[in-house]
Amino acid sequence: MVNFYPVGIQTFSNIREGNYLYIDKTQYIVDFREKKMKYVFLSRPRRFGKSLFASTLQAYFEGRKELFEGLAIADYEKEWVKHPVFHFDMSGAKHFDTDGLKHYLDLQLKPYEKLYGKDDDELYPNDRLDGLVKRAYKQTGEKAVVIIDEYDAPLLDVVHEKENLQPLRLIMQNFYSPLKKLDPYLEFTFITGITKFSQLSIFSELNNLDNISMFDQYSAICGISKKELTTQMKPDIEALGEDLGMTYEECLAELTRFYDGYHFSEKSEDVFNPFSLVKALNARKIAPYWFGSGTPTYLIKTLQKYHVNVMDIEKKSCDVDDFDVSPEMMTSALPLLYQSGYLTIKKYNPILQSYQLDYPNKEVRVGMVHF
């Protein structure tokens, strides 16, 4: 049986209720719970499944047991406690000035205030967030969960414009600031983004943020690993191969050439771009999809700023320290190209503590050269 493919669907409940193909990532939630992790940060390129994972966490913490039947977490979780969940999606806040960003935060907070009420003294987004979490805890008797998806979206496009970056960053810093002092009222906090704006700048108070982005054990938390593709998705590859007049092995090799090759840590699993893979299965055609889905403005500006010649990008080395650099402190384009998914780790040298970076696959290499 060939699946329905969730092209452009990032909501866990829609995927499960609509019987779309879902690759089970719930063992990672089991891992968070068993280790009693509380503040987790994950950085991955755009269209890599961060929003779907955030949505999966939301459904789990809302206690929606019926959505998880047959998944890894169903064997682990026995209680399915319903927590109040605050899910803020910042991906809609691109290209805004300060007024636009404040209005966007206002729209994000309002639905929750309808649910849990609002105090007239709470004028600013941080006060409102603070009040909401405390009231939700008081009213439900359960600790709250905060999920912030694409936290850096409002800042990325202005990263090279100091006069615009500063006021927007202050607004976001202000909005996120209550999270640390809300610790007694919080069950779990999950933040995703493309970059790691230095913890100095955005999460200066949240120094207890667990950045799992480059840990081996979470390398396949987003995307589709080689193992998942050749086990859970084997029938899909066979069917695609049949359509294209290829054997299973030939089809797998071609998908690997085009979409595989992402490595997010020193001993990372092989990860395929999920956006392109699902598009290819749905369209019955192996072609470059991810690149065509839009090259972000910040990337174009970065390449211009550092005079990057795309023909000269391959096989570049990058020190470990460079990876922990926030976009505003970068001295080369490499970390941003890595964080955005245009380059990936191909080798790690433990003696020099450096990574060799290269294009992950044919899709990105061809796209970059054309671009």
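The values are calculated or read from the model by the stated rules, or taken from the named source; none is laboratory data. These figures come from a predicted structure and were not determined experimentally. Backbone-built Cβ (ideal geometry, glycine too); neighbour counts: all protein chains shown. We work out accessible area using only protein heavy atoms, side chains counted, and drop any ligands, DNA or RNA first. Shrake-Rupley method; radii C 1.70, N 1.55, O 1.52, S 1.80 Å.
Checking each residue in the stretch 60-103 for being surrounded by 15 or more Cβ atoms within 10 Å (Cβ to Cβ) and among the acidic types (Asp, Glu) picks out GLU62, GLU77, ASP89.
Within the stretch 204-252, being assigned to a loop (DSSP other than H, G, I, E, B), farther than 20 Å from ASP270 by Cα and either touching a Lys or Arg at 6+ places or on another chain (Cβ under 8 Å) or not small (Gly, Ala, Ser) (or both) holds for GLU205, LEU206, ASN207, ASN208, LEU209, LEU244, MET246, THR247.
When the stretch 243-271 is filtered for residues that are under 19 Å from THR231 (Cβ atoms), of a type in the set (Ser, Thr, Tyr), touching a helix residue (DSSP H, G or I) at 6+ places or on another chain (Cβ under 7 Å) and in contact (Cβ under 8 Å) with a residue 40 or more places away in the chain, the ones remaining, listed by number, are TYR259, SER268. Checked against the criterion of being without any contact (Cβ under 8 Å) to a residue 60 or more places away in the chain, under 25 Å from GLY261 (Cβ atoms) and open to solvent by 30 Å² or more (accessible area, probe 1.4 Å), the stretch 27-37 has at least one qualifying residue.
You will find that of LEU277, LEU240, the residue that is in contact with a strand residue (DSSP E or B) (Cβ under 9 Å, 6 or more places away or on another chain), touching a residue at least 12 places away in the same chain (Cβ under 8 Å) and crowded, with 21+ Cβ neighbours inside 10 Å is LEU277 and no other.
When the test is whether a residue is open to solvent by less than 70 Å² (accessible area, probe 1.4 Å) and touching a Ser or Thr at 6+ places or on another chain (Cβ under 9 Å), SER332 does not pass it. Of all residues in the stretch 346-363, those being touching a strand residue (DSSP E or B) at 6+ places or on another chain (Cβ under 9 Å) and either crowded, with 22+ Cβ neighbours inside 10 Å or farther than 17 Å from ASN273 by Cα (or both) number 12.
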